[in-house]
Structures are given as C-alpha cells and as structure tokens.
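What follows is a single structure, written as structure tokens, with notes after it.
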Amino acid sequence: MAITNAEIARMFRTYADMLEIKGANPFKVRAYRNAARTIENIAKPLEELVKEGYDLTRLPGIGADLSQYIKEIVTTGRFSKLEEIKEQIPPALVELLSIEGLGPKRIKILYEELGIESMEDLRRAAQNGKIQGLPGFGPTLVQKILKGIRLAKKAGHRFKWSEAKEYVEDLLAYMRQIPLTHLEVAGSFRRKKETVGDLDILATAKDFSEVIRHFVKYPKIKEVVSAGSTRSTVILNNDLQVDLRSVEDESYGSALHYFTGSKAHNIEVRKLAMELGLKVNEYGVFRGEERIAGRTEEEVYQAVGLCYIEPELRENRGEIEACREGRLPDLITLADMRGDLHTHSTFSDGKNSIEEMARAAMELGYSYIAITDHSKRLSVARGVDEKKILQELEQIDMINEKVEIEILKGIEVDILEDGSLDMDESLLRRLDLVVGAVHSKFNLPKKQQTDRIVKALQSGYLHILAHPTGRIIGQREPMDLDMERILSQAREHGVAMEVNAQPERLDLDDVTIKLAKEMGVKMAINSDAHNIFSLRYMEYGINQARRGWCEAKDVINTLDLQDLLRFLRKDR
Ligand code: DGT
Ligand code: CA
Ligand code: CA
C-alpha cells in the first residue's frame, strides 16, 4: 500500500509531540512541526516525488535530515526514530498536549509522579484529588484540566476533508482488489464537508462475506472494532474510524442515500414520503410491504416526487424546496475554472519562481494566473516593498513574452489596523489585480473589525477580499464581523469575496458563500498556493463553493481573460 502524505505528516507531528514531552530543544520540535505542515499541504504524494528523484530539500522546512527520514518512510513504511522514542514514552501521553494548561513539563511530572499515561488516567487522577498538590498543580489548574478533558471529549477529533481523501483513495484501491459491484464513500465525505468525523463506506458484491474478510485485513488498520456478516467498523492507524456496510444491489440506491445524509436532509425526505403514504429506509422505498424503489438514488428521489439532489446540497438548507420549484443550482465544477487569482512566488514567501508557477498553472489548463505576493508590512512573509514590486512587474513582463498563459500583475496587500492598504496608491494603480487581506489584529471588537474591512472595500483599489474571516480550522476562530454589511459593501464596490481553497482555511465557509450568492456578491475561488503543487488546492475550494450553492456565473475566475479584465478594470 502506498504511504500518503497525511501519514508522513502525522508521524512527524507525533514525533515532535514526543520530543517535546521528552524536553528536547524547542527548535528541533518546531522543525518537525513545520515539516509536517509542509507535507500535508503538498498536493502530490511525496512517494511519487521521491520516485521521480525530486530534491525534497527544495520544499519549505525540509532539510537534509528530514529529506532522509522521508525517504526512509516512503521506502520502508517506517520511521525508526519514532519507533525508538515510543519505547521511552507512552504514545497516549501525546493526546494530553491538547488540553489547555498542560504543557510538556507538566505532562512529564504527571507521568513520572503518578504514572499517568492517557486522558482516562488523567481524568481519574484529577477526580480522585491525586493531582492537586503536585508541584505547580493548584486547585485552579485542576479545574482547568477537568474542563479541558470535557472539551476534548465533546469536540472529538475531526479530519480535514483533504486528509480523509488521501486515506479514502488508498483504502478504495485496496478494496478494489476483490470483485465488487459498487463501492462508494457516503457520509459527510461524499457531501464534501470541510471536516469529516468518520468514513461511511458502502459496497455491494456477489460474495458479502468476502467483502468484510478483505476489509478487516487492510494493512493500515489499528483496531477492528467489529466485524459481522454485512458490516464492520475499524480504526485506521491515524485514528480515523471507518464503517463499512454491504447491501444487496436492489437496495444500493437507498443505502447510499441513507448513509450519505445529512441526517437533517434524510428526515425531510422521509416526511415527504410519509405524506405520500410511503416508507423510506436504507433498504428501499416501500408502499406497504412492496419495494417500489431503491436500486439507484435517482429512483429514490423520484419515488418521493423529487429530482436528484447533489450530495453537497443535502444539508436541509432549502434544497428540497428548490428542487420542487425547479430552481436547484447548476453547481460549479473544477472544469469551469479558467485561472487562479491568488498565488505567491519567491518574491515573497512562495517557494517557486514566477515562471515555474505560470508553467504549472498552464499544465492545469488555465488561461491566466495572478501572482499576488505579500506587501511589505508582512515581514514574516518577506513582503515586497515599493521598490521590489517594480522589479517583480518587470520580471512578469519578461516572462509573459515567453509563456502561453497570461500572468496578471497582482499583490496581496495587507489591510492595516485602521483599514488603510499597505502600499503606495500610485503603485496599486499600476497593477492588474489587488487582493486585500487581514493578517494581524484578528481580535478587534466587531464594529471596529467590520469598519476596518469596509474601509478597505471602499478604497476603490480592491478587487478581491482574501480569506475574509481569517479562520483556520481547529486553530483560529473567524474574526467577529458583521458579515451582511461586508457583503453588501462588497457588492456595492464591485469587490469579489474569496473562497480560499487552502484545506485549513476554506474561508468563506459554505453558509456564508450561500448568503453571498443570494445577495448577488461575486466570488473568486483561489488556491493561495505558495508552491506549484498547492495550485491543486483549487479542488477543495470548489467543494466548499458547491456546498454554498455556487454556480460558474457567480465566480469571476470562470470568466475568460477578456471578460475578467473587464471586471478588473475599475475606476480608480
Ligand atoms: P460525520 O461523520 O460526523 O462527519 O457526519 P456524517 O454525516 O457522515 O454522519 P455519520 O457518520 O454519523 O452517519 C452517516 C450518515 O448516516 C448520516 O449522514 C445520515 C445517516 N444517519 C446516521 N444516523 C441517522 C439517523 O439516526 N437517522 C437518519 N435518518 N439518518 C442517519
Ligand atoms: Ca461519517
Ligand atoms: Ca459513521
């Protein structure tokens, strides 16, 4: 079985956590975390890169040592340093790092003094009053820890869709080694939700029992929770749970519909069926004892008087009414995209030259790509100042002469705390495209934060507002914003709202995309790529846009070059 980038990233991250608990040099710990981030963000399997002889040290944060470890992992499937450290530190200790108030030092004390090795050990010790009184553990901290345990339980762990996809592809390839009639992932994964809790897989085959027998032998399984004759649940080595069900062909459509969900959508469909005197379940649509539909999803929808509804829309957000009124959207697809309007090059913190980015965009079939490096205020990203951007523009002119794709001259200009833009206006006027974004002060009060962004929208320079809420999934909350006001200002000033396709951003989210569309605001779906591989993030942005009911006509980078330039030409 192939080893996925997500698995390699997970190994490095676990190793970093364990190093930290061991009290290793913080720089070393950070190096592994940075590498993990790089790896999970490369849209091409490292295994392929290694096979092609690609120099891994060209990737951000990957030095000679890490490059060697990656080679070890893709060739042997093992990371020997991680195995060594696991001999010294119980792996379950790592999950305690997610609890607020517990750093590596305290975890070490808990382990050494009380033998605490897991979340469960910790909960018991805290409740039994064993923790209070240990050096540095006062009553407030103990309360905080107990709260942290409850939070961790409630949040559970969800996987980014992009990470789940890597596991899905590998698992499906494995399952196809045996003869199957149908094989499909249902659940939130099929609905392209930004994160998934677990995977729900559906299979039909002549020989049911062989399906389960084969499934539980998948090499990346850590634990087989259950294995019956038609269903099984397993936990993969990254803790992702997979439920597999085997059904009869004549029930396949109903089962697929049922297990695709969402639950809220299913409930509405069932209500409709009841009004018609029908019963819907995972085995079919029934009138009395008679099965009247179930082989395909289309059949199921038809039986209850509906048309086919795309999985991304099945959230009970109006899709059933829209279907009955014949106004379901014609959802955007990856093939509609004509270009990418937010990318970086080595002029700021990107890893590839402008020409490399342009050629990679060409290979994706695009007709244009905007290079939008950071502005000077963002020093961590080596933002370009007025002098450097002039050099960049010159270079773009030169490269445009020799490539068969239009490179647009852009910038990702920082929106400063007072709403002004981090670049000289005379220069902004010379660019084809100005992408504005907030990169600091994410915690301003709602009114102030909204005013800041509205001021930028009103400047007359902005074409796109990038990652509008600033959220990072599982890490940073969205900014507190009056989104309706921002959307109506965006419409008024002809600014497109970005659907940022980075898998941990996906910002705007699905609900806000739908609102934007309803308000008549244009959008741009962009990869925000910092290297040639990440241009492929576009797929994740398309997923999110589809969940937000987006059609090609709502999105400016589905326009051909001439029409796009017309949109970008504003009075300024
Ligand atoms: P997840 O895994 O949390 O990301 O979300 P889902 O939507 O994949 O949910 P999951 O795995 O619990 O269940 C898969 C599908 O099965 C769900 O989308 C709808 C269906 N389902 C589960 N439980 C029920 C239920 O009680 N009633 C109905 N109508 N459908 C259910
Ligand atoms: Ca699921
Ligand atoms: Ca499930």
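Bear in mind that the values in this text are calculations on the coordinates, not laboratory data. Predicted, not measured: the structure shown is a model, and the values here were computed from it. Positions of Cβ are backbone-derived with ideal geometry, glycine not excepted, and every protein chain shown enters the neighbour counts.
Let me spell out the model: positive unit charges on the Cβ of Lys and Arg, negative unit charges on the Cβ of Asp and Glu, origin at the Cα centre of the chain. What dipole size does that give, in debye rounded to 20? Let's see the in-between values first.
Working: 84 positive and 93 negative charges, 344 e Å.
Value, rounded to 20: 1660 debye.
Per-residue Karplus couplings for the stretch 69-81, computed as 6.51 cos²θ - 1.76 cosθ + 1.60 with θ equal to phi - 60°, are listed in order as 4, 4, 4, 4, 5, 6, 8, 10, x, 10, 10, 4, 5 Hz, Gly and Pro entered as x. Computed FRET efficiency, Cβ-Cβ of GLN177 and SER426, R0 51 Å: what is it to the nearest 0.05? Once the sixth-power term is evaluated, E becomes 0.20. Under 1.5 on a/c is rounded, so check that first for the chain, then, if it is not, pick prolate when a/b is larger than b/c and oblate when it is not; a ≥ b ≥ c are the square roots of the alpha carbon gyration tensor eigenvalues. Here the chain falls in the oblate category.
Pairs spanning more than 30 Å between alpha-carbon atoms, out of LYS44/LYS447; LYS144/LYS192; LYS160/LYS222; LYS279/LYS522; LYS447/LYS514: LYS44/LYS447; LYS144/LYS192; LYS279/LYS522.
With r defined as the distance between the Cβ atoms of HIS157 and ARG476 and R0 fixed at 22 Å, what FRET efficiency is calculated, to the nearest 0.05?
Working: r = 18 Å, r/R0 = 0.80.
That gives a FRET efficiency of 0.80.
Between the residues ASN352, LEU56, LEU559, the greatest Cα displacement towards the positive end of the dipole of the chain, with unit charges on the Cβ of Lys, Arg, Asp and Glu, is found for LEU56. The spread of Cα positions in the stretch 374-527, taken along each principal axis and listed from longest to shortest, comes to 42, 32, 30 Å.
Find, among the trypsin sites (Lys or Arg not before Pro) in the stretch 62-141, those assigned to loop by DSSP (not H, G, I, E, B) with at most 15 other beta-carbon atoms within 10 angstrom. Here the sparse-neighbourhood loop sites are ARG78. Going from the fewest other Cβ atoms within 10 Å to the most, the residues CYS307, CYS323, CYS550 appear in the order CYS307, CYS323, CYS550.
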